[in-house]
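Quick notes on the structure that follows.
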Amino acid sequence: MRKKIVAGNWKMNLGLTDALILAEKVKERENDYPCGVILIPSFPFLTSVKKVLEGSRVQLGAQNCADKENGAFTGEVSVTQLKSVGAEYVIIGHSERRENYGESNEVLRQKLVLVLKHGLKPIFCCGEPLQVRNENNQEVYVLNQLHESLFGLTEAEMASVIVAYEPIWAIGTGLNATPGQAQEMHAFIRRQIATQYSDILAGQTIILYGGSCKPANAPALFACADVDGGLIGGASLQADDFLAIIGAAK
Ligand code: PEP
């Protein structure tokens, strides 16, 4: 049985006070959670949010990391620095990083290797833009992302990777993938992992859905056989919405 996970990607939102209030609210209800929960604040808040989460089941993630170990890379944050403040997960390849900061599949591959080398777990995002979906080429597009970034990893490394399928046309648009579309793509990704590695690994890999996931659509999305929870953007900033989405991950 795969564990379900709901992760909240706060992106570049909230000040310190609001971040801590939100973390407290999420932590308060942890006994009700049917799934794993990860909070992913901006870099400056990691240490303080970690303190709030101390002793709780709620885990901490970072939104990005450098593609270098350490050194003269002004403005970058290394995996070992993230580890030192208690982050356990790192988002790699969010479409906003790919689009706005030109992160290529090759750079993402290097980041994956570093995250795994230092014992953190990557949440590897993949997903197609609208035009590709309209042309019905989403499988080819996502398969290329998997091959160029992920499939060079060993099976042992892959066992620590969480995949997030996030169709770009659904991110922050209010237009979520239908449960049918999500299931189809999640099953496709799982089949590719089976082909590349093994049925056992494919069966164990957690594949999250991301893209305008809300309390209203989460139950149907999370009920899909191959959808193992969600990576939540906008709705993770409202405690009530985020808690309702967590509740849907039974
Ligand atoms: C995301 O950015 O990972 C995301 C899923 O955003 P939203 O939920 O706001 O669409």
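A straight chain from Ser198 to Phe73 at 0.36 nm per residue would run longer than the Cα-Cα distance by 41.2 nm. On the basis of the beta-carbon distance and an R0 of 45 Å, Phe151 and Met12 show a calculated FRET efficiency of 0.90.
The alpha carbon convex hull volume per residue for segment 15-74 rounds to 99 Å³.
Tell me whether segment 80-188 comes out rounded, prolate or oblate; compute the Cα gyration tensor, take square roots of the eigenvalues as a ≥ b ≥ c, and use a/c under 1.5 as the rounded threshold. Since a/c reaches 1.5 and a/b is larger than b/c, the shape of segment 80-188 is classed as prolate. Note on Met1, Met158: ascending count of other Cβ atoms within 10 Å places them as Met1, Met158, the fewest first. Under a Gaussian network description of the chain, with springs only between Cα atoms under 10 Å, the residue in Gln81, Gln131, Gln196 that fluctuates furthest is Gln131.
Label reach from Asn105 (point 7 Å along Cα→C-beta): in segment 115-129, amide nitrogens under 19 Å belong to 123-129. Straight-line reach from Lys50: taking Cα to Cα under 25 Å and skipping same-chain neighbours fewer than 8 places apart, the lysines in range are Lys3, Lys4, Lys11, Lys25, Lys27, Lys68, Lys83, Lys111, Lys117, Lys121.
Any read-out appearing in this document is the output of simple, stated calculations on the displayed coordinates, not a laboratory observation. It should be emphasised that the depicted structure is a prediction, and the values quoted were computed from it without experimental measurement. Using ideal geometry, Cβ is built from the backbone for each residue, glycine included, and neighbour counts are taken over all protein chains shown.
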